[in-house]
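One structure is given here, and the rest of the page talks about it.
The values are calculated or read from the model by the stated rules, or taken from the named source; none is laboratory data. Values in this document were obtained by computation on a predicted structure and should not be read as measured data. Methodologically, a virtual Cβ is constructed for each residue, glycine included, from the backbone with ideal geometry; neighbour enumeration extends over all protein chains shown. The area values use the complete protein model at the heavy-atom level, side chains included, leaving out ligands, DNA and RNA. Shrake-Rupley method; radii C 1.70, N 1.55, O 1.52, S 1.80 Å.
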Amino acid sequence: MVSRSLRLPTDVLEEPVALASAQGVAWSTLVRQWVIDGIVTARHATGTEVDPAIELQRGVAMITHAASRLQQRAA
């Protein structure tokens with residue numbers, strides 16, 4: 001993974017932070033999932049093949065999210 005800086009207005013950043021908190025995940029995890037989902041959607045819309053590594057990351061994100069939800073229920 002690499003780290004990049006992203007400048008957002010405070011009120012815009014508050015939204016994914018709140019949504020992530022409600023889902024029990026880190027905001028960066030949620031935003032990463034949105035970016036991956038956006039790439040997949042854009043590729044499918046243009047009929048372009050999705051990089052298998054991106055598809056794998058998407059699957060990992062879904063599994064991680066499901067595991068977090070199960071942990072919340074167990075607590």
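Some notes on this structure:
- Cβ crowding within 10 Å averaged over residues, with 47-56, 34-43 ranked highest first: 34-43, 47-56
- Accessible area (Å², per residue) of the chain, counting only protein heavy atoms and a probe of 1.4 Å: 79
- Summed over qualifying helices (DSSP H, 4 residues or more, each -39500 (n - 2.57)) and divided by its residue number, the chain shows a 222 nm mean residue ellipticity of -26000 deg cm²/dmol.
- Given (i) 23, 19, 10; (ii) 65, 14, 5; (iii) 19, 12, 12, the label whose value is semi-axes √(5λ) of the Cα gyration tensor in Å derived from this model: (i)
- Between S68 and L19, the simple label model (points 7 Å from Cα in the Cβ direction) yields a spacing of 1.2 nm.
- Heavy-atom accessible surface of the chain: percent carbon and sulfur, 1.4 Å: 59
- Loop-located trypsin sites (Lys or Arg not before Pro) across the range 1-42 with a Cβ neighbour count of 16 or fewer within 10 Å are R4, R7, with loop assigned by DSSP.
- Positive-end ranking of W34, Q23, L70 along the dipole of the chain, with charges on Cβ about the Cα centre, is headed by L70.
- The range 53-71-the range 5-36 distance, computed between alpha-carbon centres (Å): 16
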